[in-house]
Structure formats: structure tokens, C-alpha cells
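Take a look at the structure below.
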Amino acid sequence: MPHALLRHLTQHNPRMVRGEGIYLFDAEGKRYLDGSSGSSLVCNLGHGEAAVAEAIARQAAVLAYNPFHCSHAEAYLELAAKLVGIAPPGFGRVFAVSSGSEAVENCLKFSRQAHIACGEPGRHLVIGRWQSYHGNTLGALACGGHTGRRKKHVPQLAAAVHIPPAFCYRCPFEKTHPSCGLLCARALESAIHRLGPENVAAFIAEPVVGAALGAVPAPPGYFELVREICTRHGVHFIADEVMCGLGRTGRHFAIDHWGVAPDLIATGKGLGAGYFPMAACLIAEGLAAAVEGRGAAFEGVHTCCGHLLGSRVGGLMLERLVERRLAENAARQGARLLSGLREIAGRRPAVGDVRGLGLMAGVEFVRDRETRAPYPPGLRLAERVTDACLERGLIVFPGHGTVEGVAGDHLLLGPPLIIGEEGIDELLAILEEAIAAVERDPEVAALSR
């Protein structure tokens, strides 16, 4: 038995030894198409990018680490400038950390500290959404709404408020967009009224929900209304783009699809692209100026803030994103992926819904398409499909909780942003074969309508 603690999402965890482009290779020489870009939506540049390894080696040979509390370095300054260069209008500051959870935590901290600096110390509550995921640290878990990951830690979590998700396939208000009047967004204002605006610091949301729902974008008009509500009540809007940012959805940031600018953005995963743990908070210039103008300083330093090796990797990733037009490729190949998934849905009765944006796609499974009834949680259908994909040389990311956080199975798909048409077609072919194999399983077939 290995001493390393493994995350047993599948029955068989292969030992990976090499990566090249969109593929990984295990110790036995078997090839796998990385259909989830790691765990997950991390490896935007693909695997085995020699220039990235060389950049890390060059920086490490000169200076690998500097004491952040009393110094800075050029690599970090360059990274910050490149991030601001692709950010929505109004962003001017960057605070780099090591993970998406840290990025979210520091967005929450900056919001709180900004309210204190501006003379509103009562603003402390964060409003999140059910069936969301913002990280695995306790602060991020508290504002997140991932039932499966929260429930064991509820006694440890800080107070947070949650509103229903923007999830049209299973609308919590049993309405249809656009005649719904965006009740899911208006729920935010109702929550602020009930809590008292003077007590609310921030609202946090993923523009495209990742792990908790499986690539669910908010409907048109949602974030425009959210932005109006937050501005009206002095509440900071935090966009969690750890999964969906940096070209993944076909724009540099997913929130760009709605044409609004949040106050804070958390980004990560793809920033280090799997080559180095890297993430960042992006802070609107006006918000940063409000804090600094009152003589306050941000209290949120970590051991590896602005790490030089990570900064080099992040800077190079952003260069590749722009120079190789990876966001445009994500839009183009994402359209091919979603079109292919819809065709699969037409042939495979277990597929209830297909959704996504760019190279961030989701497949939800149901045992009855008409009623949208999920498979029993104990069947763990998403894991069965994941295992079947793995056996056939495709890596996907399973998820649960689309039905009130406790039932429902889905897959999250998001291959590297460098993928081409042949890779998309290969992914689709393996996925359909795996779904068909699981549908034929007697235990699954007995529950399906």
C-alpha cells in the first residue's frame, strides 16, 4: 500500500509518467486524452510544454524565492501587469497566491477590510449560492454551496447566506427563462433586504458553475442585474473565475460574456497551467484606492505570495493565451464539443442535459428524461462513466449534487485549450462508447426508463 494518500475517484488509479500535448501516458505505456485538463480545468497549455520548464529552470537558477514581506521581484510585477492587461475595465491591482482557495479567501478578506477602511465595519456577511464551489479551505467552503463537501464541516464554518443557483435545467423557482424575470438574481436583493445592507460585505458567484453543477452558465441578463443590485446596496461583487477564467469559456474572463465588471476576481488553476501552483486576486482600482487612500494596508500575506517561479509560469501562460489566441480556439472547439455532446444526447437515453460555454462543458445523467429524475446516489453513475472512460483512454471529471445538492450525476469536460478538431472528435467517440457501456450494465438498465 502506498504511503501517499490518494483520492479514489475511480476504481483504478493509473500511475502517470509522461505528458505530451493533450495526452498523458501511464507507467504501462497506455495513452489517455486529458478531457478534464487535470483535476480539473487546470492544464490549459497541455502537457510537456518545454518552454515552461525552461522558464522555471532559468528563474530558479537566478532567484527562486524572495521575502515577500519586505521585497518584490520583476517576475511578479510582470505577471500583475499581464493579468490587468486582459482583465475587465477598471481593474488595476493583483495579489498572487498559490491556489484558487487562497484566491477566494483573500477576495473575501479584501472586501471585509475595504468596508472597515471605508467606515462600515458592520459589513461582514457574504452571500453565496447553493450548488456552487469556491474552494476547500473553511472560509471558501462557508460561502460555497457544495453540500457534499460542506456537510462534514458545518460546525467549523463561519456564518454565510446562500440563495438559489441560476440553473435553468432544474430551475428552483420552476420557471422558464426569460419569462422567469430572473427570479434567481432578484433573490440576491431579497436576501440583502432581509439581512440589512449594512451587514452584507459581498456576493460571490462563479459565472459558469464548475464542479458543483457541471458547467452551468448563468442565463443572459443575470449578472447585469446582479451588478445593479450590488452597486445599489454597496455590496462587493466577487467573480470566482478559478475554473472558468483565463480563456476557458472563449473570453479572457467568463464574466466578459455578460459585459459587466465585478469588484474582485479570483483566478487560479489555469494560471499555473499545472506546471506550478499559482492563483491570484484581481482588485478593481477604485476599491484598492479607497483602502489605500485611508492609509490602510491589506492584511493577507502568505508564505508563497507572488512566488517567482509561479510568476514566471503565469506570465508565460498569459503570453501564450494572447499570442496563440487560445480563447478564440476555446470558443471554436467548444462549439464543436457542445454540438457533438448534443448529438450524443440524442442517441443516449441516460443523458438528460448538455450545457457549457467554450471548452467548459457538462453532461448530466438522468434515469427518466421526461421527469428528469436522477439515478439513486448510491449507484454513483458519474463514477461508473468515469471508470468506463478511463478504461478506454479518456479522463473526465465526475460530480454530484445537481438535485438539491444530494442527488444527480454529471461530468465536467474541459480539455486543454490547445486541442484541435481531431482531439474533440476522439473525446466524443470515447465518451459515447463509455456511456453506452454503462447504460448496458444490468444494474443501471433496471433503473432506467
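The table that follows gives values for the structure above.
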read-out	value
Condition met for Glu299 (among the acidic types (Asp, Glu) and exposed (fewer than 14 other Cβ atoms within 10 Å of the Cβ))	yes
One residue from His146, His134 being in contact with a helix residue (DSSP H, G or I) (Cβ under 6 Å, 6 or more places away or on another chain) and crowded, with 18+ Cβ neighbours inside 10 Å	His134
Selection from the stretch 195-241 of residues that are among the charged types (D, E, K, R) and outside any helix (DSSP H, G or I)	Glu206, Asp240, Glu241
Residue count, the stretch 349-366 (criterion: among the hydrophobic types (A, V, I, L, M, F, W, C), touching a residue at least 60 places away in the same chain (Cβ under 8 Å) and in a loop (DSSP other than H, G, I, E, B))	4
Selection count where residues are touching a helix residue (DSSP H, G or I) at 6+ places or on another chain (Cβ under 7 Å) and either of a type in the set (A, V, I, L, M) or assigned to a strand (DSSP E or B) (or both), scope the stretch 56-82	7
Residue check for Ser132: touching a residue at least 60 places away in the same chain (Cβ under 8 Å) and within 20 Å of the chain's Cα centre (by Cα)	yes
Flag if Leu182 is in the same structural domain as Ala266 (by TED's automatic domain parsing), surrounded by 18 or more Cβ atoms within 10 Å (Cβ to Cβ) and within 22 Å of the chain's Cα centre (by Cα)	no
Matching entry among Gly214, Gly250, Gly245, Gly181 (being among the small types (Gly, Ala, Ser) and touching a Phe, Trp or Tyr at 6+ places or on another chain (Cβ under 7 Å))	Gly245
Counted residues, the stretch 242-275 - those being outside any loop (DSSP other than H, G, I, E, B) and of a type in the set (Phe, Trp, Tyr)	1
Helices (runs of 4 or more DSSP H) completely within the stretch 367-449 that count 3 or more residues being crowded, with 18+ Cβ neighbours inside 10 Å, touching a Lys or Arg at 6+ places or on another chain (Cβ under 6 Å) and in contact (Cβ under 8 Å) with a residue 24 or more places away in the chain	421-440
Residue count, the stretch 369-419 (criterion: among the aliphatic types (A, V, I, L, M) and closer than 30 Å to Ala327 by Cβ)	12
Check on Ala266, of a type in the set (A, V, I, L, M) and either crowded, with 24+ Cβ neighbours inside 10 Å or under 21 Å from the mean Cα position of the chain (by Cα) (or both)	yes
The stretch 276-294, subset touching a residue at least 24 places away in the same chain (Cβ under 8 Å) and part of a loop (DSSP other than H, G, I, E, B), residue nearest to Ala61 (Cα to Cα)	Phe276
Flag for Gly356 being out of contact with any His (no Cβ under 7 Å at 6 or more places or on another chain) and under 24 Å from Gly270 (Cα atoms)	yes
Pairs, first under 20 Å from Arg58 (Cα atoms) in the stretch 69-92, second exposed (fewer than 15 other Cβ atoms within 10 Å of the Cβ), C-beta under 7 Å, six or more apart	Ala73/Leu63
Number of the exception - Pro349 against (1) touching a Ser or Thr at 6+ places or on another chain (Cβ under 8 Å); (2) under 30 Å from Asn106 (Cβ atoms)	(2)
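A quick yes/no check of all residues on (1) touching a Lys or Arg at 6+ places or on another chain (Cβ under 8 Å); (2) farther than 30 Å from Gly393 by Cβ; (3) not basic (Lys, Arg):
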| position | (1), (2), (3) |
| --- | --- |
| Arg15 | no, no, no |
| Arg18 | no, no, no |
| Phe68 | no, yes, yes |
| His72 | no, yes, yes |
| Arg93 | no, yes, no |
| Asn106 | no, yes, yes |
| Arg112 | yes, yes, no |
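The values are calculated or read from the model by the stated rules, or taken from the named source; none is laboratory data. Every value quoted in this text rests on a predicted model; they were computed, and no experiment measured them. Here Cβ is always computed from backbone atoms with ideal geometry, including for glycine, and neighbour counts include all displayed protein chains.
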